[in-house]
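Undergrad: Here's a structure for you.
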């Protein structure tokens with residue numbers, strides 16, 4: 001399958017679950033649903049629940065057959081759902097590419113490249129997402145410099 005054949009958006013019907021009242025809610029997504037994305041690990045997605053956009057999430061591997069993501073109290077109130085509700089999730093995979101401001105800093109500054117290389121893949125993903133969330137290029141550049149060069 002070529003990169004262009006990989007769907008950017010996936011939809012799945014699932015149920016909001018919670019192991020006990022003092023733990024967060026979550027949903028389980030069968031690995032088969034995410035198979036086309038060929039995920040290697042935790043991945044950031046834009047999420048809509050029953051057609052209502054909520055904050056981006058990370059989908060995390062549970063085991064070979066399942067992945068999961070958290071459902072917050074805020075989500076439940078916004079969408080009008082609770083533990084046990086059947087929901088339709090629309091997941092849109094966030095780009096894996098680095099924002100240009102971060103990529104150029106890493107490419108052009110040896111200290112920044114070293115700082116980036118010392119981060120775990122999880123830390124790199126979180127930093128990439130934080131920088132990409134900025135609307136203006138100047139803000140993305142400032143965030144990248146502050147994160148990697150102090």
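The values are calculated or read from the model by the stated rules, or taken from the named source; none is laboratory data. As the structure is a computational prediction, the values presented were derived from the model and not from experiment. Counting neighbours? That spans all protein chains shown, and the Cβs are built from the backbone with ideal geometry, glycine included.
Undergrad: Is it the case that some residue within segment 87-105 is more than 29 Å from residue 131 (Cβ to Cβ) and not assigned by TED's automatic domain parsing to the domain that holds residue 127? Even if it seems obvious, please write down each step before you answer.
TA: Filtering segment 87-105 down to residues more than 29 Å from residue 131 (Cβ to Cβ) leaves 87-88.
Narrowing the set further to residues that are not assigned by TED's automatic domain parsing to the domain that holds residue 127 leaves 87-88.
Looking through segment 87-105, at least one residue is more than 29 Å from residue 131 (Cβ to Cβ) and not assigned by TED's automatic domain parsing to the domain that holds residue 127.
Undergrad: Looking at segment 49-150, what helices (runs of 4 or more DSSP H) fall wholly within it and have at least 2 residues that are touching a helix residue (DSSP H, G or I) at 6+ places or on another chain (Cβ under 7 Å)? So that I can check it myself, show each step before the final result.
TA: On the way: elements: 73-79, 100-108, 110-118, 121-132, 137-149.
Helices (runs of 4 or more DSSP H) meeting the threshold: 100-108, 110-118, 121-132, 137-149.
Undergrad: Among (1) in a strand (DSSP E or B); (2) surrounded by 13 or more Cβ atoms within 10 Å (Cβ to Cβ); (3) modelled with pLDDT under 95, which single condition is residue 39 missing?
TA: (1)
Undergrad: Could you please let me know if residue 88 is surrounded by fewer than 15 Cβ atoms within 10 Å (Cβ to Cβ), free of Cβ contacts under 8 Å to residues at least 40 places away in the same chain and closer than 30 Å to residue 48 by Cβ?
TA: Numbers: surrounded by fewer than 15 Cβ atoms within 10 Å (Cβ to Cβ): yes; free of Cβ contacts under 8 Å to residues at least 40 places away in the same chain: no; closer than 30 Å to residue 48 by Cβ: yes.
Judged against the criteria, residue 88 is not a match.
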